[in-house]
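No lab work stands behind these numbers, since they all come straight from the coordinates. As the structure is a computational prediction, the values presented were derived from the model and not from experiment. No Cβ is skipped: glycine too gets one built from the backbone with ideal geometry, and neighbour counts run over all protein chains shown.
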Amino acid sequence: MFDCDQIYMEDKICYCLAPGYVPLSDPMISGEVTLTTHSYIHQIYYDKSECFTRNYTIFSGTNYCLKFIATLAPWPDAEQHCKQNGGHLVSAETPDKLNHIRLTTDSNYPNIYLGGFRPAEATDNSVYRWINHERVDNSFWRPNEPNSFNRESVVEIYDNGLLNNRNKDTKFTFICEILVTGLMG
Ligand SMILES: [Ca+2]
């Protein structure tokens, strides 16, 4: 998590608006570095009871719960749906979390959106981040991914359990995540 610049409440949800300062090297201006500010909204935490109320899948010993959404939507609409349900598209920061995501998938849908994207400031196609701004681990990708085919810029989990980048306008099902206070029992 970042230090918070602003915190505000909306309904029962507490949001933190944090800046990410990303150095952009311009090849035309050799040796110079400019700073651009990008805002990322971070949900803070719900009470654990929200996972039950909203019928999310629980993984004991974690501080999150997940839900597979069997609705086909472009990636931005999928993220909007998750936000309206108290969270975000899921971030797979660790191998354990990726395994929990695999357990949440539905084999009827071989392509499922997760909360990974190529940041606008990325100059290298191999740099992807999760919604919470952590780097996507290179070992999670399918062989030869992420590629640069068809302006692909967001992350799906494929039926073999590895990641692929896709064009954000393609309609897929998706997995939402809610963060909770404390660990799930
Ligand atoms: Ca791809």
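So, in segment 146-185, how many residues would count as being within 10 Å of the ligand (Cβ to nearest atom) and surrounded by fewer than 19 Cβ atoms within 10 Å (Cβ to Cβ)?
Final tally of qualifying residues: 7.
Filter segment 121-136 down to the residues that are under 15 Å from the mean Cα position of the chain (by Cα) and in contact (Cβ under 8 Å) with a residue 40 or more places away in the chain, then identify the one that is nearest to Ile69 (Cα to Cα).
Ile131
So, in segment 132-144, exactly how many residues are over 18 Å from Arg102 (Cα atoms) and either buried (at least 19 other Cβ atoms within 10 Å of the Cβ) or more than 16 Å from the ligand (Cβ to nearest atom) (or both)?
Result for segment 132-144: 4.
Being under 22 Å from Glu177 (Cα atoms) and more than 12 Å from the chain's Cα centre (by Cα) is the filter here; which residues of segment 140-155 pass it?
Phe140, Trp141, Ser153
So the check is Cβ under 8 Å with 6+ separation or different chains; which pairs have a first residue in segment 145-161 that's polar (S, T, N, Q) and a second one that's away from the ligand (no atom under 11 Å from the Cβ) and assigned to a strand (DSSP E or B)?
Within 8 Å, the pairs are Ser153/Phe117.
Is it the case that Gly116 is closer than 16 Å to Leu66 by Cβ and more than 14 Å from the ligand (Cβ to nearest atom)?
no
Considering only residues that are assigned to a loop (DSSP other than H, G, I, E, B) and touching a helix residue (DSSP H, G or I) at 6+ places or on another chain (Cβ under 7 Å), which ones fall in segment 107-163? Give the steps one after another, and end with the answer.
Pass one, segment 107-163, residues assigned to a loop (DSSP other than H, G, I, E, B): 107-110, 118-128, 131-134, 136-137, 142-148, 152-153, 159-162.
Those that are assigned to a loop (DSSP other than H, G, I, E, B) and touching a helix residue (DSSP H, G or I) at 6+ places or on another chain (Cβ under 7 Å): Gly161, Leu162.
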